[in-house]
Amino acid sequence: LVRRLCRSLGLLLLEVSPHELSRQHGDAISDGFRLALSAAGRSAPCVLLIESAEELAPAAGSEEEGGSGAAARLALLDALRAASRVQGVLLVLTAVFARDVHAQVRSRCPLQLAVAPPVGLGRARAL
């Protein structure tokens with residue numbers, strides 16, 4: 001949906017995945033966010049898409065919440081704060097279910113949309 005909207009509006013879309021951040025930056029995920037925000041700022045106006053936010057900031061009480069999950073959540077919170085100061089960049093987080101994303105992160109997102117996944121021909125049209 002985000003990709004389709006960006007194409008329709010002619011906006012540049014920069015994508016960040018938790019797997020790529022972990023692979024490239026290990027425990028220094030905050031460095032990855034800083035680099036992504038810096039690139040987005042240079043490319044503004046654009047959309048910075050961070051997919052699978054639940055992997056970076058799992059909900060309280062989940063198995064992934066402790067250890068590196070806490071560090072990733074704090075890095076994501078820092079990125080959300082920093083993104084609000086970058087002119088012309090819209091930061092979009094995605095998750096399969098909002099309830100799986102830590103409440104601190106959800107509370108920092110000013111707009112939350114729940115979109116049912118398209119099925120059948122609707123999916124083909126959306127993509």
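The values are calculated or read from the model by the stated rules, or taken from the named source; none is laboratory data. Since the model is a prediction, treat every value here as computed from it, not as a measurement. Cβ: placed from backbone, ideal geometry, glycine included. Neighbour counts: every protein chain shown. Remember, those area values only see protein heavy atoms, side chains included, never the ligands or the DNA or RNA. Shrake-Rupley method; radii C 1.70, N 1.55, O 1.52, S 1.80 Å.
Just a yes or no: is a residue in segment 84-92 of a type in the set (A, V, I, L, M), touching a Cys at 6+ places or on another chain (Cβ under 8 Å), closer than 23 Å to ARG4 by Cβ and modelled with pLDDT of 80 or more? Scanning segment 84-92, I find at least one residue that is of a type in the set (A, V, I, L, M), touching a Cys at 6+ places or on another chain (Cβ under 8 Å), closer than 23 Å to ARG4 by Cβ and modelled with pLDDT of 80 or more, so the answer is yes.
Among the residues of segment 38-61, is there at least one that is modelled with pLDDT under 90, open to solvent by 60 Å² or more (accessible area, probe 1.4 Å), more than 14 Å from the chain's Cα centre (by Cα) and at positive phi?
Start the filter on segment 38-61 by keeping residues that are modelled with pLDDT under 90, which leaves 50-61.
Still in the running and open to solvent by 60 Å² or more (accessible area, probe 1.4 Å): 55, 60-61.
Then drop every residue that is not more than 14 Å from the chain's Cα centre (by Cα), which leaves 60-61.
Pick out the ones that are also at positive phi and you get 61.
Scanning segment 38-61 turns up at least one residue that is modelled with pLDDT under 90, open to solvent by 60 Å² or more (accessible area, probe 1.4 Å), more than 14 Å from the chain's Cα centre (by Cα) and at positive phi.
In segment 83-101, what residues are assigned to a helix (DSSP H, G or I) and open to solvent by less than 100 Å² (accessible area, probe 1.4 Å)? The answer is ALA83, ALA98, ASP100. As an exercise: evaluate GLU64 against (1) open to solvent by less than 30 Å² (accessible area, probe 1.4 Å); (2) at pLDDT below 75 and give the number of the one condition it does not meet. All conditions are met except number (1). So, LEU12, is that one touching a helix residue (DSSP H, G or I) at 6+ places or on another chain (Cβ under 8 Å) and open to solvent by 70 Å² or more (accessible area, probe 1.4 Å) or not? Yes, satisfied.
Is at least one residue of segment 111-120 buried (at least 20 other Cβ atoms within 10 Å of the Cβ) and modelled with pLDDT under 85? Don't jump to the end; show me each part of the working.
We begin by selecting, within segment 111-120, every residue buried (at least 20 other Cβ atoms within 10 Å of the Cβ); these are none.
The answer is no; no qualifying residue exists.
When you look at LEU127, is it modelled with pLDDT under 85, surrounded by fewer than 16 Cβ atoms within 10 Å (Cβ to Cβ) and under 22 Å from LEU12 (Cβ atoms), yes or no? Yes.
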